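Enquirer: If you scroll down you'll find the structure; I have some questions about it.
Taken together, the values in this text are just the output of simple stated rules run on the coordinates, not laboratory data. Predicted model, so just to flag it, every value in this text is computed and none were measured. Positions of Cβ are generated from backbone atoms using ideal geometry, with glycine treated the same way; all protein chains shown enter the neighbour counts.
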Amino acid sequence: MAIFWTLAFFSPPVIALALWLVPVARPSLVAAGGQGARWGVGLAALVFVPGYFGPMIFMPDSNLGPIIGIFLAPPAFSVGAIVGFAVACVRGQKPVQDPAADA
């Protein structure tokens, strides 16, 4: 069980680094990297907000309420980033044109 939580907390920085490095290596994937980051942040927010505030509203006597949102947001970011990047690659996002290359 400890391995799961270790991977859950260390995977978001690794995924974010990959979303930054892959477009650097292949400029045609800049849009896909951005799409992956947006999906990751969006899914993490959708999981964090109800997981953090929901238990405080529905079980105000519990002292562990916010923990749900804090523990589930990092894996949600990882899943959202991977899915967003894959969707962008499958849809064939148009490469971002470098303005310096045209000059």
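Enquirer: Take the Cβ-Cβ distance between Ala86 and Val41 as r, set R0 to 25 Å, and report the resulting FRET efficiency rounded to the nearest 0.05.
Expert: With R0 = 25 Å, the Cβ-Cβ based efficiency is 0.95.
Enquirer: Ranked from highest to lowest mean number of other Cβ atoms within 10 Å per residue, what is the order of the peptides 36-43, 73-80, 51-58?
Expert: Details: 36-43: 19.8, 73-80: 21.6, 51-58: 14.0.
Sorting 36-43, 73-80, 51-58 by mean packing, highest first, produces 73-80, 36-43, 51-58.
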